[in-house]
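Some notes on the structure that comes next.
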Amino acid sequence: MANKRNLKKIINYICSDLFSECIAASLYNGNRKQEEINAILTSIIIVQRNYICRISHPEPGMPPKAYFKDLKDKFMSNIGEITDNIANI
């Protein structure tokens, strides 16, 4: 398991990359679906904030290895959904 600081940096990097990708996709897209773009950007910020908080405050009673594996799996599934939404803009 990596330390918490590195996990936070990785989450921040992935979310900022997705944020900029969504902005670029909205600028280069001919159809302006501003409500969908704003919803995607908001979901990126919420995911980032949620997972940073979850790293800082793990669930008591759950083994750390299982907790961080579950956290990683759920984060990757959320990022996959957001990536699909960006592709559909």
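The values are calculated or read from the model by the stated rules, or taken from the named source; none is laboratory data. Because the structure is predicted, anything quoted here is derived from the model rather than measured. Don't worry about glycine lacking a Cβ; one is built from the backbone with ideal geometry, like all the others, and counts go over all protein chains shown. Heads up: the accessible areas ignore ligands, DNA and RNA and are worked out on the full protein's heavy atoms, side chains in. Shrake-Rupley method; radii C 1.70, N 1.55, O 1.52, S 1.80 Å.
Of all the numbered requirements in (1) open to solvent by less than 90 Å² (accessible area, probe 1.4 Å); (2) in a loop (DSSP other than H, G, I, E, B); (3) without any contact (Cβ under 8 Å) to a residue 24 or more places away in the chain; (4) not polar (S, T, N, Q), Pro60 misses one, and that requirement is (1). Within segment 38-51, residues that are farther than 9 Å from Cys15 by Cβ have Cβ atoms under 6 Å from residues that are of a type in the set (S, T, N, Q) and assigned to a helix (DSSP H, G or I) in these pairs: Ile40/Asn85, counting only partners at least 6 apart in sequence or on another chain. If you filter segment 5-38 down to residues that are more than 17 Å from Ile82 (Cβ to Cβ) and at pLDDT 90 or above, you find that the one that is most open to solvent (accessible area, probe 1.4 Å) is Arg5.
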